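Undergrad: Below: one structure in structure tokens.
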Amino acid sequence: MVTTEIPMDTRSKSSVTSNPKSVQSSGPKAGGAVGQTLIDIDHVDFFYGENQALFDINMKIEEKKVTALIGPSGCGKSTLLRCLNRMNDLIDGTQIKQGTITVRGIDINSPEVDPIELRKRVGMVFQKSNPFPKSIYENITYGLRLQGVNNKSRLDEVVEKSLRGAALWDEVKDRLDTSGLGLSGGQQQRLCIARAIAVEPEVILMDEPCSALDPVSTSKVEELIHELKSQFTIIIVTHNMQQAARVSDRTAFFYMGKLIEYDDTQTIFMKPNHDQTEAYVSGRFG
Amino acid sequence: MDETTNIFRKRKSVSMRGEQLVFWAFRASTYIVLLCGAAVFLTIFFKGAGTVFKTEAPFINTTFFTEAPETLYVFEYQGEEMEMGDKAFRAFKEMHPDAAKVRTSTFAYSAGGIWPAIAGTLLLVVGSMTIALVLGVSAAVYLSEYAKDGAFIRFVRLAILNLAGVPSIVFGLFGFGMFVSFFGWNVSLLAGWFTLAFMVLPVVITASEESLQAVPQGFREGSLALGATQWQTIRKNVMPYALPGILTSSILGIARVAGETAPIMFTAAYVVRDKLPWEDLMNATDFFFQGVMALPYHIYVVSSKIPQNEYTERVQYGTAFVFLLLVASIAATSIVLRNHLRNRYKW
């Protein structure tokens, strides 16, 4: 658990949705952890310097589900994703001017929150696979070693578990000490996923994880996402609408920094409420 | 093929002649540069080789590498032309009392060797590069990884660039004013180290910053996303990959530090000093507060401060030869180290 104890954000949650197009997500489903709200994005306005990139985003992300963020380039979906583990902190001049993002009821932008602790629990897989130029073994154990874990048998255990979890174990078990960069593109991306799950986060953010992969590797990663869903909450940004339809439970459609529609994936693709959504998912623009 | 049917045939034209001309102009320039370089190296090699090497075993003039400079005595004794250094001449006079009266010509620093200068230069290089790398790499890490871009940082970068353009004699004067006089370090190794370090700092900072920038952003993001702090990220996932580039820049720095005469002539260099830096020290700290001989300054002294003749020429070119050898071997070591590191981390 996150150690910093912060009271639930008390900011009154206005029931008035200023943006009529943004659709409030359905409330948490009853019973079990699955489907409960894990991340609550509440009226968020995000700025790069003077440029507003996100307009009044309202979204509840459910636990142990796959949520896809879709939309044309520059619509703000990656920006939103990077807000969730505060990766935007790395970019000068970025700011959430309005609204809050809470993870398990804790406001992650509160000054008492350490972004390092947040990122241990909200992992990330990047668009461009970025295995470190170290051995496969060292790639997986990187996060644990940072936390001071140096016990060989524990590390071995985690390496096997993570690689099995990322469906990569059988392909690389005999060459754990070779460079992670010697793997194929798809294997590299799965290595990055294995590296992310090795630190046992609750959430995995995926920023177009398959955009640089061939169809076979893509389908492997998609299968993997299906399997990971039982343990992790996954939020995936994708340009590929078929992919969103295949892997996600919930889909959010963004356009020009606004959340146009957020609903069950089936609804978004079969009978969307908004014309823009329909136009986009049917390929008429974007 | 008939000339009229070949539409692609070569035709004489202005642009084609221009092409030829430009090609030869570039080619000639390259050859001229090569020729000048070869002339410099070959002169030093052939003139210096006579001093450094010997025709009989062990084929290397060990005296030149292991002794301090001495005055050379040239005289005629019993109809024989003789040359010997200071110490040898005194021993000779004791054995042959009648030799005390012979007429001798003396040539300063033309006998003995240059070992104190070699040792001094090595000490200057090691010390100043250590200071320059620690300060320079730290500054580069700050500029590249931590500092937010703004007016102040742009000003700092500009200042560093300007520092690179400052002539070395100005650094010498600065070192004299700052370290020798104001800090009261006198002419000392320490004053020389800091003066030389400040001189190469711009090179080290600029090149280190470039090497750090060349590390893909994905490595930083990947590390941070796994819950690393910024310093952990830099230490484990940025620095190791930037190190080969930083070493490359320090190779350039080494050549400059070893070669510059102006910065050390007021701050660290002695014309001659028989004692080696680690000999006869009262306190350990005295080591840092003593002047040393240095190869470039020695070349300067023997080439301009004493009357020139065939005897001094030997030591001039001999020293220059050793100097080139030394710089080349330091650079070679750095290159080997760099390549070793580069092969370890590839992306």
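Undergrad: Against the definition (small (G, A, S), surrounded by fewer than 20 Cβ atoms within 10 Å (Cβ to Cβ) and modelled with pLDDT of 90 or more), how does A:S78 come out, yes or no?
TA: Values: small (G, A, S): yes; surrounded by fewer than 20 Cβ atoms within 10 Å (Cβ to Cβ): no; modelled with pLDDT of 90 or more: yes.
Against the criterion (small (G, A, S), surrounded by fewer than 20 Cβ atoms within 10 Å (Cβ to Cβ) and modelled with pLDDT of 90 or more), A:S78 does not qualify.
Undergrad: Also, I was wondering about something else. From (1) touching a residue at least 12 places away in the same chain (Cβ under 8 Å); (2) surrounded by fewer than 23 Cβ atoms within 10 Å (Cβ to Cβ); (3) out of contact with any helix residue (DSSP H, G or I) (no Cβ under 9 Å at 6 or more places or on another chain); (4) not basic (K, R), pick out the condition that doesn't hold for A:D174.
TA: The one condition A:D174 does not meet is (1).
Undergrad: Restricting to the stretch B:144-180, count the residues that are in contact with an Asp or Glu (Cβ under 6 Å, 6 or more places away or on another chain) and more than 14 Å from chain A (Cβ to nearest Cβ).
TA: 1
Undergrad: Could you tell me which numbered condition B:S303 fails, if it satisfies all but one of (1) without any contact (Cβ under 8 Å) to a residue 40 or more places away in the chain; (2) over 25 Å from B:S110 (Cα atoms); (3) in a helix (DSSP H, G or I); (4) in contact with a helix residue (DSSP H, G or I) (Cβ under 7 Å, 6 or more places away or on another chain)?
TA: Evaluating B:S303 over (1) without any contact (Cβ under 8 Å) to a residue 40 or more places away in the chain; (2) over 25 Å from B:S110 (Cα atoms); (3) in a helix (DSSP H, G or I); (4) in contact with a helix residue (DSSP H, G or I) (Cβ under 7 Å, 6 or more places away or on another chain) leaves (2) as the failure.
Undergrad: Looking at B:P97, is it more than 14 Å from chain A (Cβ to nearest Cβ) and touching a Leu at 6+ places or on another chain (Cβ under 9 Å)?
TA: Working: more than 14 Å from chain A (Cβ to nearest Cβ): yes; touching a Leu at 6+ places or on another chain (Cβ under 9 Å): no.
Here the answer is no, as B:P97 does not meet what is asked.
Undergrad: Right, something else. For the condition aromatic (F, W, Y) and either part of a loop (DSSP other than H, G, I, E, B) or under 18 Å from the mean Cα position of the chain (by Cα) (or both), what is the one hit in A:F46, A:F55? Let's see the steps before the verdict.
TA: Details: A:F55 fails: either part of a loop (DSSP other than H, G, I, E, B) or under 18 Å from the mean Cα position of the chain (by Cα) (or both).
On inspection, the qualifying residue turns out to be A:F46.
Undergrad: Quick one: which helices (runs of 4 or more DSSP H) lie wholly within the stretch B:217-278 and hold at least 2 residues that are more than 12 Å from chain A (Cβ to nearest Cβ)? Can you show your working first?
TA: Details: elements: B:217-225, B:230-237, B:239-259, B:262-265.
Because the criterion is at least 2 residues that are more than 12 Å from chain A (Cβ to nearest Cβ), the helices (runs of 4 or more DSSP H) in the stretch B:217-278 that meet it are B:239-259, B:262-265.
Undergrad: Of all residues in the stretch A:87-128, count the ones that are under 30 Å from A:R175 (Cβ atoms) and in a loop (DSSP other than H, G, I, E, B). Before you say what the answer is, go through the steps one by one.
TA: First pass over the stretch A:87-128, keeping only residues under 30 Å from A:R175 (Cβ atoms): A:119-120, A:123-128.
Going one step further and asking which of them are in a loop (DSSP other than H, G, I, E, B), we end up with A:126-128.
The qualifying residues number 3.
Undergrad: With respect to the numbered conditions (1) farther than 22 Å from B:T333 by Cα; (2) within 14 Å of chain A (Cβ to nearest Cβ); (3) in contact (Cβ under 8 Å) with a residue 40 or more places away in the chain, which one is the sole condition not fulfilled by B:F287?
TA: (2)
Undergrad: When A:L144 is evaluated against the numbered criteria (1) at the interface with chain B (Cβ under 8 Å from one of its Cβ atoms); (2) in contact with a Leu (Cβ under 7 Å, 6 or more places away or on another chain); (3) among the aliphatic types (A, V, I, L, M), which criterion, by number, is the only one it fails?
TA: The number of the failed condition is (1).
Undergrad: Does A:A212 satisfy the condition of being under 30 Å from A:R104 (Cα atoms), within 13 Å of chain B (Cβ to nearest Cβ) and at pLDDT below 95?
TA: Working: under 30 Å from A:R104 (Cα atoms): no; within 13 Å of chain B (Cβ to nearest Cβ): yes; at pLDDT below 95: yes.
Here the answer is no, as A:A212 does not meet what is asked.
Undergrad: Now a separate question. Name the single residue, out of those in the stretch A:108-140 being surrounded by fewer than 20 Cβ atoms within 10 Å (Cβ to Cβ) and β-branched (V, I, T), that is nearest to the other protein chains (Cβ to nearest Cβ).
TA: Checking each candidate, the answer is A:I116.
Undergrad: Out of all the residues in the stretch B:213-236, which are surrounded by fewer than 23 Cβ atoms within 10 Å (Cβ to Cβ) and touching a helix residue (DSSP H, G or I) at 6+ places or on another chain (Cβ under 8 Å)? I'd like the intermediate steps shown before the answer.
TA: Looking only at the stretch B:213-236, we keep the residues that are surrounded by fewer than 23 Cβ atoms within 10 Å (Cβ to Cβ), and these are B:213-221, B:229-236.
Scanning the stretch B:213-236 gives B:Q213, B:A214, B:V215, B:F219, B:R220, B:E221, B:T229, B:Q230, B:Q232, B:T233, B:I234, B:K236.
Undergrad: If you go through the stretch A:93-107, how many residues are within 9 Å of chain B (Cβ to nearest Cβ) and buried (at least 17 other Cβ atoms within 10 Å of the Cβ)?
TA: Taking the stretch A:93-107 as the starting set, the residues that turn out to be within 9 Å of chain B (Cβ to nearest Cβ) are A:93.
Filter again for buried (at least 17 other Cβ atoms within 10 Å of the Cβ), leaving none.
Final tally of qualifying residues: 0.
Undergrad: Which of the following residues is on the phi > 0 side of the Ramachandran plot, without any contact (Cβ under 8 Å) to a residue 12 or more places away in the chain and either assigned by TED's automatic domain parsing to the domain that holds B:S329 or surrounded by 14 or more Cβ atoms within 10 Å (Cβ to Cβ) (or both): B:G112, B:G184, B:G165? Steps first, please.
TA: Details: B:G112 fails: without any contact (Cβ under 8 Å) to a residue 12 or more places away in the chain; B:G165 fails: on the phi > 0 side of the Ramachandran plot.
Going through B:G112, B:G184, B:G165 in turn, the sole match is B:G184.
Undergrad: Taking into account only those residues within the stretch A:177-218 that are surrounded by fewer than 16 Cβ atoms within 10 Å (Cβ to Cβ) and β-branched (V, I, T), which is farthest from A:L38 (Cα to Cα)? Steps first, answer last, please.
TA: Step one: of the stretch A:177-218, the residues surrounded by fewer than 16 Cβ atoms within 10 Å (Cβ to Cβ) are A:177-178, A:182, A:184-185, A:211-212, A:214-216.
Subsequent filtering for residues that are β-branched (V, I, T) retains A:178, A:216.
Details: A:T178: 38, A:V216: 32 Å.
Only one residue tops the list, namely A:T178.
Undergrad: Give the stretch B:47-60 a look and list any residue that's buried (at least 17 other Cβ atoms within 10 Å of the Cβ) and either touching a strand residue (DSSP E or B) at 6+ places or on another chain (Cβ under 9 Å) or without any contact (Cβ under 8 Å) to a residue 60 or more places away in the chain (or both), or say none. Show your work before the answer.
TA: Our first condition is that a residue be buried (at least 17 other Cβ atoms within 10 Å of the Cβ); within the stretch B:47-60, this holds for B:48, B:51-52.
Within the stretch B:47-60, just B:V52 meets the criteria.
Undergrad: For the structure I just gave you, tell me whether A:K152 is closer than 26 Å to B:Y241 by Cα, at pLDDT 90 or above and surrounded by fewer than 23 Cβ atoms within 10 Å (Cβ to Cβ). Steps first, please.
TA: On the way: closer than 26 Å to B:Y241 by Cα: yes; at pLDDT 90 or above: yes; surrounded by fewer than 23 Cβ atoms within 10 Å (Cβ to Cβ): yes.
Yes; evaluated as a whole, the condition is true for this residue.
The values are calculated or read from the model by the stated rules, or taken from the named source; none is laboratory data. Just so it is clear, the model here is predicted, and its values are computed rather than measured. Glycine also receives a Cβ, built like all others from the backbone with ideal geometry; neighbour counts cover every protein chain displayed.
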